[in-house]
Each structure stands twice: as structure tokens, then as C-alpha cells.
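This report concerns only the one structure given below.
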Amino acid sequence: NYKLAVNAYADLLHHEFVYMLNGYNRTNRLVAAHALPDKYAADGITFIPPANVELPDKIDWREKGAVTEVKDQGHCGSCWSFSATGALEGQHFRKTKKLVSLSEQNLVDCSSKFGNNGCSGGLMDNAFRYIKANHGIDTEKSYPYEGIDD
């Protein structure tokens, strides 16, 4: 179920939309790989799927209450922060059965040391490194999203 309507992007030309909201920036990947302090460098993690686990045909985490409300990044290339918080919100719910909306703005403002560039783009793995080094992340309630760089 969805709704079609005029929104904040309706009057943008294609190149304006891409300029403002196309958050992937290859430079971020280069920064992440080469400029981080050693203790925050990539872990080189490899996923090996277990052979003895039966997975369900489908699962809808919305039905289980594990997904926060729809959020709007506005005119800020911060999609990377929304993907990071969304992933953590779901995992936190699975562990605690409590759904807590986390702060994308915290990541936009504070994770540049880890290779992210605020509203100019970033990577969720850099966001995770920041959260790990910071021993956590603020909630949306305590650090609300503004959609601007600090």
C-alpha cells in the first residue's frame, strides 16, 4: 500500500535531484581504506552461511514491529546514515524487543573522522566504525534529524 502525491522533489530537474541526493561517493571508499587509524581499519570480515539452518520462505519485519516509521533525509546526501541506523534499529529490536529510533544526525555530524562527509555522502560501514569507537549512538529523540551538516 502506498500513496502517490506531489512531494519536495516534484519540481526538481533530474540533474538537481542527482546533485543533491546521490550520496554514493567513491572517494569515501578510498578514505575508508587508507586514511583511518589502524584500530578503526576494516576488519576483513567474511560471511560463511551455516549449512544446517532452515530459513523461512519469507519474513516481514514490519509485521513483527522491528521497523521504525518512514524517515525523510530531505535535501541532504545522508542515505548512508539512514541505512546504518535502520540496520541497528532492527538488530536492537531482535535482541531487546524494544524499537528505538536512532539518530542519523549524530552520524552526519560526528563520523567524519571515519571517512564520512555529512550531507555530501558516506558509507554505513564507516558509520558502524564510528558507533563502535563511540560506544554507541544517540537516539532520534535526544539528537533529532535536521538534514544539514554541523
Output yes when any residue across region 22-30 is modelled with pLDDT of 70 or more and exposed (fewer than 10 other Cβ atoms within 10 Å of the Cβ), and no when none is. no
I'd like the full set of residues that are modelled with pLDDT under 95 and among the aliphatic types (A, V, I, L, M), limited to region 50-69. ALA51, VAL53, LEU55, ILE59
Can you find a residue that is over 21 Å from TYR19 (Cα atoms) and in contact with a His (Cβ under 8 Å, 6 or more places away or on another chain) anywhere in region 77-98? yes
Tell me which helices (runs of 4 or more DSSP H) are completely within region 71-148 and hold 1 or more residues being more than 13 Å from the chain's Cα centre (by Cα), polar (S, T, N, Q) and surrounded by fewer than 20 Cβ atoms within 10 Å (Cβ to Cβ), or say none if there are none. 79-96, 124-134
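The values are calculated or read from the model by the stated rules, or taken from the named source; none is laboratory data. Because the structure is a prediction, the values reported are computed rather than measured. Using ideal geometry, Cβ is built from the backbone for each residue, glycine included, and neighbour counts are taken over all protein chains shown.
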